Structures are given as structure tokens and as C-alpha cells.
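A quick write-up on the structure given underneath.
The values are calculated or read from the model by the stated rules, or taken from the named source; none is laboratory data. All values derive from a computational prediction rather than experimental measurement. So basically every Cβ, Gly included, is an ideal-geometry build from the backbone, and we count neighbours across all protein chains shown.
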Amino acid sequence: MTTLKDIAKEAGVTVMTVSNVINGKYDKVSKSTVETVTEIARRLDYVPSAAARSLVAKSSRLVGVLLPATEGGEIFLSTHNVAVIGVIERLLRENGYYLFLRGVSATEGVSGTLRSWNLDGAIFIGFLDSEIQQMRASFDTPLVVLESYAAHGDFMNVRLDDRKGGYLATRHLIQNGHQRIAFVGTEISERGVDRERYEGYLQALREAGIGGEPVALLSYADTYSNGVEAGVTLCTEHPEVTAVFATADQFAVGIIDGVRSLGRTVPDDLSVVGFDNLEIAATSRPPLTTIAQDLNRKAATAVDLLLQSLQNKEEQPGETILDVELVERESVRNLKRA
């Protein structure tokens, strides 16, 4: 591998001179020397050390994207996260930054990760607010969080109007004549995405005068397999339920297949509404009615806020709330027409 010393030897100059040319400090070197060193570096296929340039510039051009590590160590259980990370990586690359992806637990902390890799900034996806506050206390790197409901003055947050999403989904089912509507989501022990969607679900039920104890099935993760299990449970243990709002399309598609595994169908035996409007919503059978969010805009907003903070050092908005809307397809049966 070609080094600065190799270039200096062939050019007949000092290593410091070569370093100045490579790092763009042309005011300290003559024009002819710049041309000579540049030509030799090109011919010898010299590649600057990213680590060395990071030390000189005091910037690694690395942005950390951190997600919760599950008990099994997996971080890609959510297709939503995969889609968001794909957009984040592309936008960072287009702006000359590199993505550093890591799964962490709140208990292990993140300050060591940020320091050891000299990350310029970070984006958190999928953490509980209590975990975010705990981790944030250990570092001061510019931070954007996706989907936080914490009181925040020391990081930027991009989230959806989740309560509205839960409300729209449930109201749509009610407008189609459903009275016994189940909720399927993840654990909702503290305020966050699924709790807000659950509150929207309850609001729609209250407005319609629908009483009784809500049927809520909660899992540790919004995976397809958990959705299949929920579909089977609804059909076998809650025959009174005619419709379900699931907080993720993965859940919803799993529910559809769980219902199908019992010889029943969606929407004839159970109507289903999901959340996210991922590609699987349009390709499922039947196509899934869902609450749509603009994943591209959410990811782009997060990257834009972080890069503005890194490049301009100006104070950015503390919170950005993005709208949602209902997309009707074929997974909801209108009982009023039955």
C-alpha cells in the first residue's frame, strides 16, 4: 500500500509537504509541487487513511444509527426499520457521510461506542423514552430520535401523529359497522408509539359509544410470527371480535395468515387494518387497508436535521410531527351492507 513517505521519496520533498498537498493546504506549497505530488499520488493509486483524516479534521464523517438489540441479538425484526435505514444510508452517502449501524441495549450505554468510533452524530430508532433519557445522559453528540414522546431539550425528535393514526384506523372500522374491535400491538407500559396508537383506538371507541373491556393482544415485537399467533388467538378465543387494528403492517399480514390457517378468511370472518403502508400491505392477499406514513420523508427529515446541526451548529427544531392518513384497500368488510 502506497504511503506518504513513498510519494515524498519520488517527488523529492518532505513527508510534511506531501501531507499538506493531500489535505488541501496549498497555501504552504508551490503550485508546481502541488501538481507534481498530485500526479504521483494518482499514479501510485494512493488512498488516504480515513482514520488519519478523521484525526486531522476532528470529524469522522460517521453517523451512528442505533437500534435496540433484542434478546436474541437481532436488530432487523422490523421491516419498518429496514426501510427507514435504507433511506438514511442513501442520504448520508449523498452528503459525504458514512452510516455506522449498531444494536445496543440501554443498560450497556452508548457513550463508549460513540467515543471509540468518533461518531459525528447519531440517530436512535425504536427505543423507549426511558431508555433514550438514560443513554442521552452519557454523551453530548448531536442526536436525532425517531418516535420519542419524552420531554426533550437536548435532542431533536421526528415522530408521527400516532394517536391520530390509531383513531383513523378504528373509526374506519366503526364506520363499516364493526362494534367488537380488537387491538394488536407491542407492550405499552410507558408512553410511546403503540400507547399513543392505543389511545387513539380508545378515543374512537368512546366517541362511538362502544363500551366494554377492549380486547388487546400485546407482544414483545411487531413481527409477522406474532401476528400469526394473534390471528389464531382472535379466532379461537375471541369469536365475538369482527375486526382488529394492528399497529404494524407486519402484525396485520401475520394476522391475515393466522386467520387463513384456520380455514377462515379476511375480511369475511375478520376485518384487519394495519399501520405503516409498507410494500407488503399492497401485495398481501387481500390487499391491506392501513394507516400510511411517509417513511421517506421521516428518514429525510431526521438526516436533514442532523446534518444541519453538524454543519451549521445552529439550534434545530426540538420536535417535528408528521401527518398520517388512511389508505383503503380490501381487508375491511362493510357489515352495514351484509
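Tell me which residues, restricted to the stretch 226-246, are surrounded by fewer than 17 Cβ atoms within 10 Å (Cβ to Cβ) and under 18 Å from GLY126 (Cβ atoms).
Passing the criteria: none in range.
Could you please tell me which pairs satisfy a Cβ distance under 8 Å, a separation of 6+ or placement on different chains, a first residue in the stretch 227-241 that is under 16 Å from ASP268 (Cβ atoms) and part of a loop (DSSP other than H, G, I, E, B), and a second residue that is modelled with pLDDT of 95 or more and not basic (Lys, Arg)?
VAL241/ILE181; VAL241/ALA182; VAL241/LEU234; VAL241/LEU270
If I go through the stretch 160-198 residue by residue, how many of them are among the β-branched types (Val, Ile, Thr) and modelled with pLDDT under 95?
Residues flagged as among the β-branched types (Val, Ile, Thr) and modelled with pLDDT under 95 within the stretch 160-198 amount to 3.
Of these, GLY72, GLY96, GLY112, which one is outside any loop (DSSP other than H, G, I, E, B), exposed (fewer than 14 other Cβ atoms within 10 Å of the Cβ) and either modelled with pLDDT of 70 or more or outside the structural domain of ASP249 (by TED's automatic domain parsing) (or both)?
Among GLY72, GLY96, GLY112, only GLY112 is outside any loop (DSSP other than H, G, I, E, B), exposed (fewer than 14 other Cβ atoms within 10 Å of the Cβ) and either modelled with pLDDT of 70 or more or outside the structural domain of ASP249 (by TED's automatic domain parsing) (or both).
Would you confirm whether or not the stretch 166-174 contains a residue that is touching a Phe, Trp or Tyr at 6+ places or on another chain (Cβ under 7 Å), polar (S, T, N, Q), surrounded by 20 or more Cβ atoms within 10 Å (Cβ to Cβ) and in contact (Cβ under 8 Å) with a residue 40 or more places away in the chain?
Looking for residues that are touching a Phe, Trp or Tyr at 6+ places or on another chain (Cβ under 7 Å), polar (S, T, N, Q), surrounded by 20 or more Cβ atoms within 10 Å (Cβ to Cβ) and in contact (Cβ under 8 Å) with a residue 40 or more places away in the chain, one finds at least one in the stretch 166-174, hence yes.
Would you mind telling me which numbered condition in (1) in contact (Cβ under 8 Å) with a residue 40 or more places away in the chain; (2) in a loop (DSSP other than H, G, I, E, B); (3) out of contact with any helix residue (DSSP H, G or I) (no Cβ under 7 Å at 6 or more places or on another chain); (4) not small (Gly, Ala, Ser) GLU190 fails?
The failed condition is (3).
Need pairs with beta-carbon distance below 6 Å; first residue within 22 Å of ARG171 (Cα to Cα) and within the stretch 252-279, second among the aromatic types (Phe, Trp, Tyr) and assigned to a strand (DSSP E or B); sequence gap 6+ or separate chains.
Taking only residues 6 or more apart or on different chains, the pairs are VAL273/PHE245.
Using the structure shown, decide if ALA282 is surrounded by fewer than 22 Cβ atoms within 10 Å (Cβ to Cβ), small (Gly, Ala, Ser) and either part of a helix (DSSP H, G or I) or in contact with a strand residue (DSSP E or B) (Cβ under 6 Å, 6 or more places away or on another chain) (or both).
Values: surrounded by fewer than 22 Cβ atoms within 10 Å (Cβ to Cβ): yes; small (Gly, Ala, Ser): yes; either part of a helix (DSSP H, G or I) or in contact with a strand residue (DSSP E or B) (Cβ under 6 Å, 6 or more places away or on another chain) (or both): yes.
Yes; evaluated as a whole, the condition is true for this residue.
Taking VAL272 as the residue in question, decide whether it is within 18 Å of VAL324 (Cβ to Cβ) and either over 26 Å from the mean Cα position of the chain (by Cα) or not in a helix (DSSP H, G or I) (or both).
yes
Out of (1) in a loop (DSSP other than H, G, I, E, B); (2) at pLDDT 90 or above; (3) of a type in the set (D, E, K, R), what's the single condition that is false for ARG90?
Single failed check for ARG90: (1).
Can you say whether THR141 is at pLDDT below 90, under 26 Å from VAL303 (Cβ atoms) and not small (Gly, Ala, Ser), as far as the supplied structure shows?
Values: at pLDDT below 90: yes; under 26 Å from VAL303 (Cβ atoms): yes; not small (Gly, Ala, Ser): yes.
Yes: the conditions hold for THR141.
Checking the conditions here, which among ALA230, ALA204 is in the same structural domain as ILE280 (by TED's automatic domain parsing), closer than 17 Å to SER331 by Cβ and in contact with a helix residue (DSSP H, G or I) (Cβ under 6 Å, 6 or more places away or on another chain)?
After applying the criteria, what remains is ALA230.
Can you find a residue that is buried (at least 20 other Cβ atoms within 10 Å of the Cβ), modelled with pLDDT of 95 or more and touching a Ser or Thr at 6+ places or on another chain (Cβ under 9 Å) anywhere in the stretch 317-325?
No, there is no match, as no residue in the stretch 317-325 is buried (at least 20 other Cβ atoms within 10 Å of the Cβ), modelled with pLDDT of 95 or more and touching a Ser or Thr at 6+ places or on another chain (Cβ under 9 Å).
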